[in-house]
Amino acid sequence: MAQDDLKRIAAHRAVDLVESGMVLGLGTGSTAVHALDRLGELIRRGVLRDIVGIPTSKKTEAHARSVGIPLTDLNANPVVDLSIDGADEVDPHLNLVKGRGGSLLREKMIEGASRRFVVIVDETKMVNRLGGSGLAVPVEVIPFGWNFTMGKLRRLFDHVEGFDLKLRTEAGDEKAPSVTDNSNYVVDLFFENGIRGDLEEISDAILKIVGVVEHGMFLGLATSVIIARKDGGVTVMK
Ligand code: 5RP
């Protein structure tokens, strides 16, 4: 089965959990798009009523509007019933790496405000250790003094074998920093051997650096993970 079909299977399974009247957190990325499309379809058919969604990015906001999902924000709805979003990595304890799409800050705010946060992935996203797939662990930083902040991050992980970091740039233009929806930059951290040690302590140490806004480790936030397997079946981790 193609990877995109697996993403759709996981997304549709998550949308089965949505009930009329819910406030939803709307995720960002190629898996979350399938959830938006399905939600839009069910709203248009009148199967789901009085749904409002809080988008985790400007891209999601535009897509949600295009498929007819009514929108609100965290100020009007500080408690979210259910968030549905993809992830870059999921470990056996339901900890995640998110933010390859650069939306980690709004995602963490909205998903952290959710009674339930259901993660939708295909099985390629499962790892034994966060950082273990070789993909970036993103850190959103303010543009002012970004190189200074990046130096602090470098020093924090200096002792870690196989560690590297890089300012994220626009595809095709190494000189143009990638800018988030919050007008910030992203520094990508790479851990060749995955992140070793106490994740909460590592999270605290990153957040203590002045200039860091947020990082892409989502620890203890997911309430369940829907994994679409290559054989077409689905596994749910809680
Ligand atoms: C965006 C994210 C995405 O959820 C994550 O990158 C997964 O994306 P995709 O479903 O396209 O693989 O965190 O910031």
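We did not get these values from a lab; they are worked out from the coordinates using the rules stated. All values reported here derive from a predicted model rather than from experimental measurement. When we count neighbours, we look across all protein chains shown, and the Cβ atoms used for this are built from the backbone with ideal geometry, even at glycine.
Quick notes
- Taking all pairs of distinct alpha-carbon atoms in the stretch 1-41, Kirkwood radius in angstrom: 10.5 Å
- Basic side chains Lys and Arg get +1 at the Cβ, acidic Asp and Glu get -1 at the Cβ, and with that the dipole of the stretch 93-178 about its Cα centre reaches some 320 debye.
- Förster-model FRET efficiency, 30 Å R0, Asp204 and Asp173, C-beta, rounded to 0.05: 0.30
- Efficiency of FRET from Cβ geometry, Lys230 and His93, R₀ 22 Å, rounded to 0.05: 0.45
- Each distinct pair of alpha carbons in the stretch 137-212 adds a 1/r term; the inverse of their mean, the Kirkwood radius, is 12.9 Å.
- The chain, helix-only ellipticity at 222 nm - DSSP H runs n ≥ 4, -39,500 (n - 2.57), divided by all residues, nearest 500: -8500 deg cm²/dmol
- Convex hull volume of the Cα atoms of the chain, normalised per residue: 127 Å³.
- The value of relative contact order for the stretch 137-212, using C-alpha pairs under 8 Å at least six residues apart, is 44 percent.
- For the stretch 137-212, size of Cβ-based charge dipole, Lys and Arg +1, Asp and Glu -1, in debye: 280 debye
- Shape of the stretch 12-90, Cα gyration tensor, a/c cut at 1.5: rounded
- Beta bridges per DSSP, both residues in the chain: antiparallel share near 55 percent.
- Distance cut-off 27 Å, percentage of C-alpha pairs in the stretch 99-227 lying past it: 17 percent
- Checked against a 23 Å cut-off, the cross-linked pairs Lys7/Lys59; Lys59/Lys230; Lys7/Lys238; Lys152/Lys175 give Cα-Cα distances beyond that limit for Lys59/Lys230.
- Lys/Arg +1, Asp/Glu -1 at C-beta; the chain dipole; positive extreme among Val225, Ile51, Gln3: Ile51
- Phe148-Ser30 FRET efficiency (beta carbon distance; Förster radius 45 Å; 0.05 resolution): 0.85
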